[in-house]
Amino acid sequence: EPEVTQTPSHQVTQMGQEVILRCVPISNHLYFYWYRQILGQKVEFLVSFYNNEISEKSEIFDDQFSVERPDGSNFTLKIRSTKLEDSAMYFCASSEALRGLGLLRRDTQYFGPGTRLTVL
Amino acid sequence: AQSVTQLGSHVSVSEGALVLLRCNYSSSVPPYLFWYVQYPNQGLQLLLKYTSAATLVKGINGFEAEFKKSETSFHLTKPSAHMSDAAEYFCAVRLDTGTASKLTFGTGTRLQVTL
């Protein structure tokens, strides 16, 4: 069964350093997402991406964050200068595009196993 | 705006007992509703989803949920708990506008299953 994969599973970095989290979405999916879960808190939406551009982002997704689809398979989240409060589990998700009633609808989001980011 | 409230951050049941995890939603337009499960050190796995078809939705591992518009609820049930059901369960809502994308999650309910 196709699945979303993420690398690395755990990343430790020093405050102020740049990190890139990598995701390989399910191959026929067109919508991509990043979420994060700070320890003990709920899963929060960061950003969605479609057709090589951001389609929606939350207030958490500030100028320190960026996303990219550098090739046909990878989807990355970059944090330019990490802060202690960026420590969290970061989940990538992807969904199919379904056409119905003249609209392109996003289908169910399938999540990867996550990358645990620890900022020291 | 959309939101989800999960009542009870921890629920403990005996093996073989009924599982009931509560979820109430708030949405200005018809919602899509989801239950995800997170096993220790793993990602989020889809259990089931409501997308305005049948109000009673059956999912994997014997779970089901019923959409009740009058109560704005989407509670998750399983008739008989198994030890392997111990995990964290998240209810999530997404607006059914065709263009909306983000999932809004509840705070999660940790299910403990005892012998």
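Every read-out reported here was derived from the displayed coordinates using simple, explicitly stated rules and does not represent laboratory data. Since the structure is predicted, the reported quantities are computational estimates derived from the model, not experimental observations. Please note: Cβ atoms are built from the backbone with ideal geometry, for glycine as well, and neighbour counts cover all protein chains shown.
The string of couplings for the stretch B:86-92 from the Karplus curve (6.51, -1.76, 1.60, θ = phi - 60°) is 4, 5, 9, 10, 10, 8, 9 Hz, one whole number per residue in order, with x for Gly and Pro. Cross-link reach is defined here as a Cα-Cα straight distance under 19 Å, omitting same-chain residues fewer than 8 places apart; for A:Lys78 the lysines meeting it are A:Lys57.
Give me A:Met89, B:Met83, A:Met15 sorted ascending by neighbouring Cβ count inside 10 Å, so fewest comes first. Before the final figure, lay out the partial values.
Values: A:Met89 19, B:Met83 10, A:Met15 13.
Going from least to most buried by this count: B:Met83, A:Met15, A:Met89.
Count the DSSP beta bridges whose two residues both fall in chain A, then state the antiparallel fraction as a percent rounded to the nearest 5.
Values: 39 of 43 bridges.
Looking only at bridges with both residues in chain A, the antiparallel portion is about 90 percent.
Going by how many other Cβ atoms sit within 10 Å of their own, how do A:Lys42, B:Lys58, B:Lys49 line up, fewest first? Intermediate results must be reported in sequence, preceding the final value.
Numbers: A:Lys42 16, B:Lys58 10, B:Lys49 20.
Arranged by neighbour count, lowest to highest, A:Lys42, B:Lys58, B:Lys49 become B:Lys58, A:Lys42, B:Lys49.
Close amide-amide hydrogen proximity is noted between A:Ser87 and A:Val119, each under 5 Å apart and 5 or more residues distant or on a separate chain (H modeled in the peptide plane; Pro and chain starts excluded). Output the direction-averaged projected area (hull surface divided by four) of the convex hull of the alpha-carbon atoms of chain B, in nm². Projected area, direction-averaged: 6.9 nm².
When the Kirkwood hydrodynamic radius is evaluated over all pairs of different C-alpha atoms of the stretch B:48-115, what value in angstrom, to one decimal, is obtained? The partial results should precede the final answer.
Details: mean 1/r = 0.0740 Å⁻¹.
Roughly 13.5 Å, rounded to one decimal.
Assuming a ≥ b ≥ c are the square roots of the Cα gyration tensor eigenvalues, decide whether the protein assembly as shown counts as rounded (a/c under 1.5), prolate (otherwise, with a/b larger than b/c) or oblate. Oblate, because a/c is 1.5 or more while a/b does not exceed b/c. When Rg and Dmax are taken over the Cα atoms of the stretch A:15-119, they come to 13.9, 48 Å.
Each residue of the stretch B:71-77 was assigned a 3J(HN,Hα) from its phi angle through the Karplus expression (A = 6.51, B = -1.76, C = 1.60, θ = phi - 60°), giving 9, 6, 10, 8, 6, 9, 9 Hz with x at Gly and Pro. Amide H contacts under 5 Å for A:Ser55: A:Ser48, A:Phe49, A:Tyr50, restricted to partners 5 or more places along the chain or on a different chain, H placed in the peptide plane at 1.01 Å from N.
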